[in-house]
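Participant: Take this structure, written in structure tokens, and hold onto it; I'll ask about it next.
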Amino acid sequence: MVEGLDATSIQLKDIESEVVEFNVGVSHLALDEERERYTRIRERIESIVDGLNKKETEKGRIQLETAQKLLAAATGNTETLRYLESISCLENIFTDVTKAAIVTAVGLSSEDSISQRVLESKLLTNNVKQCWNYTTQLSNLAAIHLKSAADFHIFNHEITEIRAQASQMKAVSASQIEAFSPEGQIIEASSLNDEMKVRLSAFQNLAERARTLVSKAPSVLPIENRLMEVRDGMAKDYEGYGPLMVQMLIDYVGSNFTIRKGDSLALLDTTENPYLWKVMTKSGPQYVPSIACIIASANGEQVHDAYRTLATVKESWNKALDNYRRQLAIYYRKYLQNVVNGRGLHVIDSQAKRRFIEDLDRLLIQSGADEGHLLNVLETVKSKIVTRADQADEVWSRIEVDLLHQPLIVLHEHMKSLRKMDESVEYFTSNMKDYASIFATESRGLQAQ
């Protein structure tokens, strides 16, 4: 049995190194191969889990927990790879387009692709050149739409990522309170200080990313509107101002009409032909290649989502900050209670002590972080101060007090950063209202043209 468990430990260690070595490529083949590798890893872990479920020993239980954690990590990696594969599979479409262009060019280059009679009577070189120039222009338009799609997805992915990480940090701060049981030693202040700095950096990073998204939101094209079905000039579930408007990306010459690049036209129908949209021109309803158009509609949803993400980070940080206060209050109460239980406290640097006590009162006690318990212990500590170091179990030199003080200083940095977030939310709320008003005015102007 012991030998079997030791063999399992070796297997789990080998698997752990494979799970940690997570290689994310960008090509479809690289991602697909990595996903298949993780599928095999998951199968190995599942087999180990099945075996450990039958072993009722303490070592077996620990190994089972390790295996289940590795299974969760491998499952997450597999899901990540499948998610990224959804993007990389577009590689096949571009390969098909490339092949189609080459097959067309090669096929039309054969001598019998067009009759000798036509070649003798027509000068087609310029026409051939123009057709290929037009097709090349369409490929450039496809690149524009591809970039718009990429920007749209990256923007929305980052929104969900920021919200998830902010919510997780809030949840972790709550769980840490439940598990927090300090001994009340000065050295623990150093660990708390490091933790508070990591949390500060993480929340500041999320806040900055959220602010960047709010600034970027107005420039993100609402490409989902291209998927709407428009009939008789009406789009289902569209809540904008009037009909959907399209803007031409190129000059387009039809059989009896011309549209200039930048012209804004009412969209009449997208369902009659999968490749052509019906638009209202000066010559009446006409069909144009859908690839040559972008839909000129407000991206209010993106602006709203970005603002809501900023608000989510702020709310999560606020809740987490309350938990950080409670955690520090628990630590300082335990530490000061140890001082009370000792022979006495000798203070060498009274100025450092004054600054520490002031921040303790301002940042924790006045905020009600522990319902007055910390204040009671602090008052008792004052009666334990002695004039000689040999009469005390605890001595507050500048070094000791500074060490105790550091977590409070970082807590204050959290509070200052949160105040900046309040200013950001107010600023962007005002800008969002202005943006909606301006677009509504511009939209009505386009329809009147």
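Participant: Can you name the residue in the range 1-24 that is closer than 12 Å to residue 81 by Cβ and touching a residue at least 12 places away in the same chain (Cβ under 8 Å) and is also surrounded by the fewest Cβ atoms within 10 Å (Cβ to Cβ) among such residues?
Facilitator: 24
Participant: Say we look at the range 112-141 and pick out the residues that are of a type outside the set (S, T, N, Q) and closer than 16 Å to residue 98 by Cα; which of these is surrounded by the most Cβ atoms within 10 Å (Cβ to Cβ)?
Facilitator: 141
Participant: Criterion first (of a type outside the set (Gly, Ala, Ser), surrounded by fewer than 19 Cβ atoms within 10 Å (Cβ to Cβ) and either out of contact with any Lys or Arg (no Cβ under 7 Å at 6 or more places or on another chain) or under 23 Å from residue 135 (Cα atoms) (or both)) does residue 246 satisfy it?
Facilitator: No, not satisfied.
Participant: Examine the range 75-93 for a residue that is among the acidic types (Asp, Glu) and more than 30 Å from residue 135 (Cα to Cα), and state whether such a residue exists.
Facilitator: Yes, the range 75-93 has at least one match.
Participant: Out of the range 365-392, which residues are more than 35 Å from the chain's Cα centre (by Cα) and under 23 Å from residue 193 (Cβ atoms)?
Facilitator: Passing the criteria: 365, 366, 373, 374, 375, 377, 378, 381.
Participant: Still on this structure, please answer the following. Residues 330, 295: which one is buried (at least 18 other Cβ atoms within 10 Å of the Cβ), among the β-branched types (Val, Ile, Thr) and modelled with pLDDT under 90? Break it down into steps so the answer makes sense when it comes.
Facilitator: Values: 330 fails: modelled with pLDDT under 90.
Answer to the selection: 295.
Participant: Still on this structure, I have one more. Residue check: is residue 80 more than 30 Å from residue 93 (Cα to Cα), of a type in the set (S, T, N, Q) and surrounded by 11 or more Cβ atoms within 10 Å (Cβ to Cβ)?
Facilitator: no
Participant: Among the residues of the range 151-162, which ones are surrounded by 13 or more Cβ atoms within 10 Å (Cβ to Cβ) and without any contact (Cβ under 8 Å) to a residue 12 or more places away in the chain?
Facilitator: Applying the first criterion (surrounded by 13 or more Cβ atoms within 10 Å (Cβ to Cβ)) to the range 151-162 yields 151-153, 155-156, 158-159, 161-162.
Correct list: 161 only.
Participant: Could I ask something else about it? Determine which member of the set 231, 209, 226 is more than 30 Å from residue 331 (Cα to Cα) and either hydroxyl-bearing (Ser, Thr, Tyr) or more than 31 Å from the chain's Cα centre (by Cα) (or both).
Facilitator: On the way: 209 fails: either hydroxyl-bearing (Ser, Thr, Tyr) or more than 31 Å from the chain's Cα centre (by Cα) (or both); 226 fails: either hydroxyl-bearing (Ser, Thr, Tyr) or more than 31 Å from the chain's Cα centre (by Cα) (or both).
That would be 231, the only listed residue that is more than 30 Å from residue 331 (Cα to Cα) and either hydroxyl-bearing (Ser, Thr, Tyr) or more than 31 Å from the chain's Cα centre (by Cα) (or both).
Participant: Which ones in the range 357-402 are touching a helix residue (DSSP H, G or I) at 6+ places or on another chain (Cβ under 7 Å), assigned to a helix (DSSP H, G or I) and of a type in the set (D, E, K, R)?
Facilitator: Passing the criteria: 359, 398, 402.
Participant: A further question follows. Can you name every residue in the range 176-208 that is surrounded by fewer than 18 Cβ atoms within 10 Å (Cβ to Cβ) and among the small types (Gly, Ala, Ser)?
Facilitator: Passing the criteria: 179, 181, 184, 190, 191, 201, 202.
Participant: A further question on this structure: Output the number of residues of the range 281-294 satisfying the condition of being farther than 24 Å from residue 152 by Cα and either within 40 Å of the chain's Cα centre (by Cα) or not in a strand (DSSP E or B) (or both).
Facilitator: The total comes to 4.
The values are calculated or read from the model by the stated rules, or taken from the named source; none is laboratory data. Quick caveat, the model's predicted, so the values are computed rather than measured. Here Cβ is always computed from backbone atoms with ideal geometry, including for glycine, and neighbour counts include all displayed protein chains.
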